[in-house]
Amino acid sequence: MAKMNLIPEILAFVPELKRIRHTIHQNPETGFQEWQTAELVASRLESWGLEVHRNVGETGVVGLLRGKTSGRTIGLRADMDALPMQEATNLPYKSLTPNVFHGCGHDGHTTMLLGAAHYLSQTRRFSGTVVFIFQPAEEGGGGGKAMVDDGLMTRFGVNEVYGM
């Protein structure tokens with residue numbers, strides 16, 4: 001098996017990422033109700049020095065991070081909403097909200113994007129601008145459309161978007 005070269009700065013942050021994911025998992029919110037999740041995301045991004053825009057497409061959050069030199073503007077996207085269903089696990093961090101559950105992994109998506117934002121904010125080893133897009137209401141609620149209708153692509157000059 002090939003040896004993996006894991007990035008020490010990311011490995012050091014894994015315990016905090018785990019805490020973030022468990023917090024989001026325990027406090028799920030359905031589409032366009034992601035107020036607590038959005039505030040967690042926004043406050044973390046601000047603490048790492050990103051320019052933060054709240055309430056994009058209602059409950060969406062956008063964080064901007066500029067690299068060391070100019071270049072393209074790339075969007076990285078994750079979804080934040082949970083499903084209206086009961087969690088049937090015995091996890092120590094299971095949902096504390098009756099009939100709402102992160103059954104599709106959006107807690108993980110949000111956490112991974114926060115991890116990328118943290119790493120890039122610490123190193124800034126890139127050119128251009130990264131637009132971190134935390135989308136609400138992916139589960140049939142039209143959150144992506146709401147963000148685009150609110151000017152996501154034009155306000156932030158996004159050239160292309162990658163997501164999970």
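The values are calculated or read from the model by the stated rules, or taken from the named source; none is laboratory data. All of these numbers come straight from a predicted model, not from anything done at the bench. Cβ placement follows ideal geometry from the backbone for every residue including glycine, while neighbour counts extend to all protein chains displayed. Please note that ligands, DNA and RNA were not included when accessible areas were found on the heavy atoms of the full protein model with its side chains. Shrake-Rupley method; radii C 1.70, N 1.55, O 1.52, S 1.80 Å.
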By accessible area with a 1.4 Å probe, ligands and nucleic acids excluded, highest first: order of VAL52, VAL161: VAL161, VAL52
Dipole magnitude of the chain, debye to nearest 20 (Cβ charges: Lys/Arg +1, Asp/Glu -1, about Cα centre): 800
Stokes-Einstein D for the stretch 21-79, Kirkwood Rh over Cα pairs, 37 °C, 0.692 mPa s (µm²/s): 259
Surface share of carbon and sulfur [accessible, 1.4 angstrom probe, percent] for the stretch 1-61: 57
Of ILE133, ALA88, HIS118, farthest towards positive along the dipole that unit charges on Lys, Arg, Asp, Glu beta carbons give the stretch 76-164: HIS118
Three-way shape call for the stretch 83-130 based on the alpha-carbon gyration tensor, with the a/c threshold at 1.5: prolate
The stretch 51-140, Cα convex hull volume normalised per residue, Å³: 110
Derived scalar couplings ³J(HN,Hα) [the stretch 147-156; Karplus, 6.51 cos²θ - 1.76 cosθ + 1.60; whole Hz; x for Gly, Pro]: 5, 5, 4, 8, x, 3, 6, 7, 4, 10
Kirkwood Rh (inverse of mean 1/r, distinct Cα pairs), the chain, angstrom: 16.2
Carbon and sulfur %, accessible surface of the stretch 79-164 computed with the full protein complex present, 1.4 Å: 55
Trypsin sites (Lys or Arg not before Pro) within the stretch 95-164: DSSP coil, no more than 15 neighbouring Cβ in 10 Å: ARG124, ARG125
Shape category assigned to the stretch 102-160 from the gyration tensor of Cα positions, a/c cut at 1.5: oblate
Estimated vicinal HN-Hα couplings, Hz - the stretch 103-116 in sequence order (Karplus 6.51, -1.76, 1.60; Gly, Pro = x): x, 10, x, 5, 4, x, 4, 4, 5, 4, 5, 4, x, 5
Mean residue ellipticity (222 nm) of the chain, computed from DSSP H runs ≥ 4 via -39,500 (n - 2.57), nearest 500: -11500 deg cm²/dmol
